[in-house]
Amino acid sequence: MLALAPRLPAFRPEACLFSTPCVADIFAARTAGLPRMCATSPQPEQERLTRSSLLGFSSANDDVLPQSYFERLDYQEKGVPWDLRGSPQPPVRNAAQAGAFGPAGTVILDCGCGAGDNANWLASRGYNVLGFDLSPSAVATAEERAAAEEMAAAIEVAGGAVEFVQASAMELHAAPRVQQRADQLGGFEIALDSALLHCLDDAAQRTYLSGLRKLMRPGGRAYIGCFSDANPDPWSNPRRLSEAQLRDLFSNDGWRVLELKEAWYERPRERSTSSGGAWTMAWWCTAEATDMC
Ligand SMILES: C[S@@+](CC[C@H](N)C(=O)[O-])C[C@H]1O[C@@H](n2cnc3c(N)ncnc32)[C@H](O)[C@@H]1O
């Protein structure tokens, strides 16, 4: 049973406009010449009897955008549906302020770093962050934002550092800089995944978490923020994950769940028709790398 964090505020449709961003997501995919939605590749009925379905997970949430959508993203064009343009996600900020990432100077691997706002904010608090993303445009934008005068000064004053590389979460073994840092450190102590996991289908999630586990030291922690199945329809993408799915993903292969609690993810303000901004219900999961590999 979920160890309940403070209950989410009462659901207010005007404060949680998940359907609006989703329509925009689909529009973005269409304008990029991509299909409206790319369901996980068609599978024979036999293959549908995956562990997930045996555990009773909904298959209705198995839709993900194709990886080519992320590879071709153009952050400079603006309108990237999750780009807060300079602000960290509130659950990331809250975790840092609660001391989850350890003292300043701790090295953090930021998986699917996007435009770098979480990484840059953490570096401006003295952390040493290595962010990677599949999207070259995300990496270029993250570097640009890190180098902007105010941010560069804040990072310097705090004694932090930030670096971004292009890499795929499914091919971490082939990401030289990530491997090099892991080797130097004897494994990362802290990994952050802010809204990457829910972009991946079942098989990709397992490949990613297995690769990530190999980069961690035993006792290292991964912090994962992803959209929750508490968000009602209408919904398109990314996936909404359930507590059971997260517990299953992190219950073996060198991981265990330490904490799973509810959180709110912020969406860009222009995606809201309310003055309170646009918010999406999420999970904030803390998983520990166990002593296995
Ligand atoms: C929803 S965005 C979140 C960005 C950022 N972490 C944040 O919190 O704003 C998901 C990011 O994951 C990246 N991504 C998707 N698939 C990936 C993969 N296979 N490897 C690395 N990054 C990936 C996307 O390019 C995108 O930047």
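Things worth noting here:
- Count of residues meeting criterion [under 25 Å from Leu241 (Cα atoms) and either of a type in the set (D, E, K, R) or near the ligand (Cβ under 10 Å from one of its atoms) (or both)] in segment 73-105: 12
- Being touching a residue at least 12 places away in the same chain (Cβ under 8 Å), buried (at least 22 other Cβ atoms within 10 Å of the Cβ) and more than 14 Å from the ligand (Cβ to nearest atom) holds for only one residue in Tyr208, Tyr127, and it is Tyr127.
- Residue match in segment 135-154 (condition: away from the ligand (no atom under 16 Å from the Cβ) and surrounded by 22 or more Cβ atoms within 10 Å (Cβ to Cβ)): no
- Inside segment 77-131, residues that are touching an Asp or Glu at 6+ places or on another chain (Cβ under 7 Å), part of a helix (DSSP H, G or I) and closer than 23 Å to Ala167 by Cβ make up a count of 2.
- Flag for Glu189 being outside any helix (DSSP H, G or I) and more than 15 Å from the ligand (Cβ to nearest atom): yes
- Checking Ser59 against (1) modelled with pLDDT of 95 or more; (2) not in a helix (DSSP H, G or I), the condition it does not meet: (1)
- Residue within segment 153-166 that is under 20 Å from Arg267 (Cβ atoms) and touching a Pro at 6+ places or on another chain (Cβ under 7 Å) present: no
The values are calculated or read from the model by the stated rules, or taken from the named source; none is laboratory data. What you see is a predicted model, and the numbers here were worked out from it, not measured in a lab. Cβ atoms come from the backbone with ideal geometry, glycine included; neighbour counts cover every protein chain shown.
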